[in-house]
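The structure appears right after this line, and notes come after that.
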């Protein structure tokens, strides 16, 4: 269906605001397979209750609701309640009036009805991916920090230095003395570390004072 | 001759009618006048001729008779008496002298009268006499007359010489010689008497001649006047005939002209009738086109409605179709799920189909009249315009006081309601947003009439517009796509097809709120029992 990993959606809760009962039901049936939880509601009041009582990651809202307006609801959330939740608008209208309002509200996307589920899922993916990644980074940081507490902290510092000083071409231009100036590490330990990295082809010497970092070598580990 | 006659005829024909009449009058008057003058002149000349005859021929005869008598009585008798001695010579002298004078006088009188130029015959007589010359008898006779007159002159001289002799002898008293001379005288007197008699005969003959001549002249004049009368008469007749002919021709030509003109008028009339028919047909066609346009215009509005009504089920259907794929992906495509979704989609497709049917039926004229509920018809119209009303934030309320069944064309009537709702919508749309836009519809029964009252608070209809709103091609929607046919068509449908009435007025109404609004109110009344239904 898609080359994007939609499994990432599995952990998220989605609020779906649509006044047409049929469409609401069917869309819910589709989306519930992809996400952790889908709250399908017909009015903005219900939607607000859901937001107050549950964790909502993305709001999907129709613009023209019965007697109300999805844009007005989002405005109310973002401006009045300062609840910043990414939102997708769906509408049968290609009216620029709505489009402009949507852009001003910094809505994440604007989907024309009838809804193409692929488009909707991709949009959800695009919105939620940074969240996932953020989580991942945070997790990795936690891992590194945890590891560093149980292993030699000096070596971890050097690795940290190496990655911080990689240029765009994954090249590290430095010397042992430079490293030693920043980090209080003995030269033999430093040489041993570089040697070890070089053996594992993680950081190979290209020329004098220049080392290349090879991402692929990490996968071998 | 015929050619000439034809030429004359042609010429006469060519003369104008009044010319002919004038000519006829001229001819008749001229003829009458000439006849009158001619007859007068003839009568006078004849009288003159008779006078002349009398003067010239009769009076000289008297002179001649006198002459004769004088010779016989005065001279001879006197001389005879003297010779007998009955009277004296002296006495007789005077008598003789007197007689001589008398003779002279009479003779000269005679001569003068016969030669008198005054007694010439009248000019006309002369003219006619010259025109019809007489035999030479007159000339011979003249010579004869002259001879006689000469002889008489001689005799008179002889007698006077004899008388001189007698007188001589008597003076000498030679009675014998005297008596011998008297005898001679007697003889001479007798001979002169014979001459005189023959002269008077001659004169009488002349008179007879002249009388004949006069008669001839008279006859000629009569003939001429008869001929001229005849000609005048003929001319008059011919001219009258011509003029009558002309009249007839004129009459017939006028008749022809009138006929022609009548035919032309008839033709013109026919062509006008044709033209009118064509124009009527054209205007019908135009009406049809306008109806069509009005339909198209409302179709455009309807289309938005339909589109909106289709969007929702279409969205749902799209979602259902995609759901099969996603369920399959997750291995959750159970029979139960498929059944449920298929049912749902069939329901959706059904509703879409119904919407289409509504749309199609609306624009398809009903073929037969049906019995239907007025309420359902109004609801149908509201349903069709619901989307547009919602979009313009117009609220509507339908109040059913009586549920009425009527018979007629459902779609047409629905069209009427839709039309009025659309008009209300157009007016309300143009109002400011603060106005709470309302349409208020009541269905109720009044006597034998089903009434639908439609009120909107769009401020009512301007007074100058109100009388014209049902006229065709009248529109106030200059900028929008108003055809001006909507209300006209509505009126036609209600009045002609439903036998009802449609009226409009401005009222003030609360429309279930606290404000008093200026409202336009349409009342559509339809007879509940539709007898004598006009099946178009």
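The values are calculated or read from the model by the stated rules, or taken from the named source; none is laboratory data. The shown structure was predicted, so the numbers you read here are calculated from the model rather than taken from an experiment. We place every Cβ from the backbone using ideal geometry, glycine too, and count neighbours over all the protein chains shown.
Per-residue answers, yes or no, for (1) assigned by TED's automatic domain parsing to the domain that holds residue A:113; (2) buried (at least 17 other Cβ atoms within 10 Å of the Cβ); (3) under 19 Å from residue B:330 (Cα atoms):
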site	(1), (2), (3)
A:12	yes, yes, yes
A:26	yes, yes, yes
A:29	yes, yes, yes
A:57	yes, yes, no
A:62	yes, yes, no
A:71	yes, yes, no
A:76	yes, no, no
A:83	yes, no, no
A:98	yes, yes, no
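A quick yes/no check of all residues on (1) within 30 Å of residue B:174 (Cβ to Cβ); (2) exposed (fewer than 15 other Cβ atoms within 10 Å of the Cβ):
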{"residue": "B:18", "(1), (2)": "no, yes"}
{"residue": "B:29", "(1), (2)": "no, yes"}
{"residue": "B:49", "(1), (2)": "no, no"}
{"residue": "B:54", "(1), (2)": "no, yes"}
{"residue": "B:57", "(1), (2)": "no, no"}
{"residue": "B:70", "(1), (2)": "yes, no"}
{"residue": "B:83", "(1), (2)": "yes, no"}
{"residue": "B:91", "(1), (2)": "yes, yes"}
{"residue": "B:95", "(1), (2)": "yes, no"}
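Checking the structure you have, find out if any residue of region B:369-384 is in contact with a strand residue (DSSP E or B) (Cβ under 7 Å, 6 or more places away or on another chain), within 30 Å of residue B:461 (Cα to Cα) and at pLDDT below 85. No - not one qualifying residue is present in region B:369-384. Across region A:14-23, the number of residues qualifying as surrounded by fewer than 20 Cβ atoms within 10 Å (Cβ to Cβ) and free of Cβ contacts under 8 Å to residues at least 40 places away in the same chain comes to 1. Taking residue B:34 as the residue in question, decide whether it is in a helix (DSSP H, G or I), in the same structural domain as residue B:110 (by TED's automatic domain parsing) and either at pLDDT 80 or above or farther than 23 Å from residue B:227 by Cα (or both). Spelling it out, residue B:34 is indeed in a helix (DSSP H, G or I), in the same structural domain as residue B:110 (by TED's automatic domain parsing) and either at pLDDT 80 or above or farther than 23 Å from residue B:227 by Cα (or both).
Of the residues making up region B:168-196, those that are assigned to a helix (DSSP H, G or I) and either farther than 17 Å from residue B:103 by Cα or under 60 Å from the mean Cα position of the chain (by Cα) (or both) number 15.
Taken as a whole, the condition of being surrounded by 19 or more Cβ atoms within 10 Å (Cβ to Cβ), within 14 Å of another protein chain (Cβ to nearest Cβ) and not in a helix (DSSP H, G or I) applies to residue A:35.
For (1) touching a residue at least 60 places away in the same chain (Cβ under 8 Å); (2) surrounded by fewer than 14 Cβ atoms within 10 Å (Cβ to Cβ), each residue gets a yes or a no:
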| residue | (1), (2) |
| --- | --- |
| B:209 | yes, no |
| B:213 | yes, no |
| B:228 | yes, no |
| B:238 | no, no |
| B:248 | no, yes |
| B:253 | no, yes |
| B:263 | no, yes |
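Only one entry of A:79, A:119 meets the criterion of being more than 28 Å from residue B:394 (Cα to Cα), within 14 Å of another protein chain (Cβ to nearest Cβ) and assigned to a helix (DSSP H, G or I), and that entry is A:119. Yes or no: residue B:304 more than 25 Å from residue B:8 (Cα to Cα), surrounded by fewer than 16 Cβ atoms within 10 Å (Cβ to Cβ) and touching a residue at least 40 places away in the same chain (Cβ under 8 Å)? Taking the combined requirement at face value, the residue satisfies it. Of everything listed in (1) in contact with a strand residue (DSSP E or B) (Cβ under 7 Å, 6 or more places away or on another chain); (2) farther than 30 Å from residue A:58 by Cβ, the single unmet condition for residue A:120 is (2). Per the conditions (1) within 12 Å of chain B (Cβ to nearest Cβ); (2) out of contact with any helix residue (DSSP H, G or I) (no Cβ under 9 Å at 6 or more places or on another chain); (3) touching a residue at least 24 places away in the same chain (Cβ under 8 Å), the sole criterion not satisfied by residue A:54 is (1).
In region B:328-336, is there at least one residue being surrounded by 14 or more Cβ atoms within 10 Å (Cβ to Cβ) and within 14 Å of chain A (Cβ to nearest Cβ)? Looking through region B:328-336, at least one residue is surrounded by 14 or more Cβ atoms within 10 Å (Cβ to Cβ) and within 14 Å of chain A (Cβ to nearest Cβ). Quick check: is even one residue across region A:38-50 buried (at least 19 other Cβ atoms within 10 Å of the Cβ) and within 19 Å of residue B:324 (Cα to Cα)? Yes, the conditions are met somewhere in region A:38-50. Region B:340-424 holds strands (runs of 3 or more DSSP E) entirely within its bounds, and those carrying 2 or more residues that are crowded, with 19+ Cβ neighbours inside 10 Å map to B:405-408.
Taken across region B:285-295, residues that are buried (at least 17 other Cβ atoms within 10 Å of the Cβ), outside any loop (DSSP other than H, G, I, E, B) and within 10 Å of another protein chain (Cβ to nearest Cβ) do not occur at all.
Within region A:57-73, the set of residues being away from chain B (no Cβ under 13 Å) and touching a strand residue (DSSP E or B) at 6+ places or on another chain (Cβ under 8 Å) comprises A:57, A:58, A:59, A:61, A:70, A:71, A:73.
Remark: residue A:113 matches the filter, which requires a residue to be more than 14 Å from the chain's Cα centre (by Cα) and either within 14 Å of chain B (Cβ to nearest Cβ) or exposed (fewer than 11 other Cβ atoms within 10 Å of the Cβ) (or both).
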